[in-house]
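Report on the following structure.
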Amino acid sequence: MIFIMFGAPASGKGTHSANLSNALNIPCISTGDMLRAEEAKDSPIWRIAQSCMSQGKLVPDWSVLSLVCNRIAEQDCNNGFILDGFPRTKEQKEALDGMLSAIGKKVTAVIQLDVTQEELEARNQSRAAEARGNGKPTRPDDDPEVFKKRLVTYGEWTAPVLDLYRSEGTKIKVINANGKKADTAHSVNEAATSVGATLKAPTVENLESVRELGSRVDKPKDLWML
Ligand code: ADP
């Protein structure tokens, strides 16, 4: 099964791709993470990506395509994978179509995380504040001005890719992702099972929601007697 986790910056693509990857036992391929991993190698891709990322722009298609193409060819992708943050342009989608048809596969469904603009901006601010509070470095592209630019880039280049999938009849599962993480995780899992996926393992989010439900149950006062 091949899923595309689709959504604006800060919509929760990374979190919910990781949850779904855990639930379906298939790898998650995040182009953002792969690009950031190039930093340690100080590779030519990183030198180009760094400047694009810090301006809220997309990196050139060829750089992500080479990364994705090599990753998809790895053995652990044989039973399927989840794409997080890819494709983000019409050209990337077309290249992905080509790669998949070469191996006789198709996208199973696009899972779209729908989050309002206000919520996206609020999440970006709280994410940066949380990182600062924990003494962790903030992502340079989480700077409020760069983040606004990332939202514009998303609207201009990436949102239209969803229309392409819609027009060709690929299944699109729209998830209201404004609420709690556990609720969204549950809806994402449901979306995946509705297109034939089988959940393999309980996700951390699922376990958290079970715990949360447990804590809401009224305990009888004389529980000690049982
Ligand atoms: P977000 O979705 O929140 O912007 P990501 O980690 O997915 O976060 O991406 C961070 C940055 O990496 C993007 O703003 C862009 O510069 C670059 N990037 C990631 N994936 C792609 C892609 N498929 N095509 C072009 N640029 C990408």
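What follows is calculated from the coordinates using simple rules that are stated; it is not laboratory data. Values in this document were obtained by computation on a predicted structure and should not be read as measured data. We place every Cβ from the backbone using ideal geometry, glycine too, and count neighbours over all the protein chains shown.
Is one or more of the residues making up the range 66-86 polar (S, T, N, Q) and crowded, with 16+ Cβ neighbours inside 10 Å? Looking through the range 66-86, none of the residues is polar (S, T, N, Q) and crowded, with 16+ Cβ neighbours inside 10 Å. Screening residue 152 on (1) crowded, with 16+ Cβ neighbours inside 10 Å; (2) within 13 Å of the ligand (Cβ to nearest atom) shows it passes everything except condition (1). In the range 139-174, the residue that is farthest from the chain's Cα centre (by Cα) out of those that are under 15 Å from residue 9 (Cα atoms) and not in a helix (DSSP H, G or I) is 143.
Among the residues of the range 78-92, is there at least one that is of a type outside the set (Val, Ile, Thr), within 8 Å of the ligand (Cβ to nearest atom) and part of a helix (DSSP H, G or I)? For the range 78-92, residues of a type outside the set (Val, Ile, Thr), within 8 Å of the ligand (Cβ to nearest atom) and part of a helix (DSSP H, G or I): present.
To keep it simple, each residue is scored yes or no on (1) more than 14 Å from the chain's Cα centre (by Cα); (2) of a type outside the set (Asp, Glu); (3) within 10 Å of the ligand (Cβ to nearest atom); (4) in a loop (DSSP other than H, G, I, E, B).
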position: 9; (1), (2), (3), (4): no, yes, yes, yes
position: 15; (1), (2), (3), (4): no, yes, no, no
position: 36; (1), (2), (3), (4): yes, yes, yes, no
position: 49; (1), (2), (3), (4): yes, yes, yes, no
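Condition test on residue 98, is it away from the ligand (no atom under 13 Å from the Cβ) and surrounded by 15 or more Cβ atoms within 10 Å (Cβ to Cβ)? For residue 98, the condition - away from the ligand (no atom under 13 Å from the Cβ) and surrounded by 15 or more Cβ atoms within 10 Å (Cβ to Cβ) - is not met.
The C-beta contact set for the range 40-64 (first residue under 25 Å from residue 99 (Cα atoms) and of a type outside the set (Val, Ile, Thr), second residue more than 8 Å from the ligand (Cβ to nearest atom) and part of a helix (DSSP H, G or I), distance under 7 angstrom, 6+ apart or interchain) comprises 46/38; 46/39; 49/38; 58/157; 60/48; 61/91; 63/45; 63/48.
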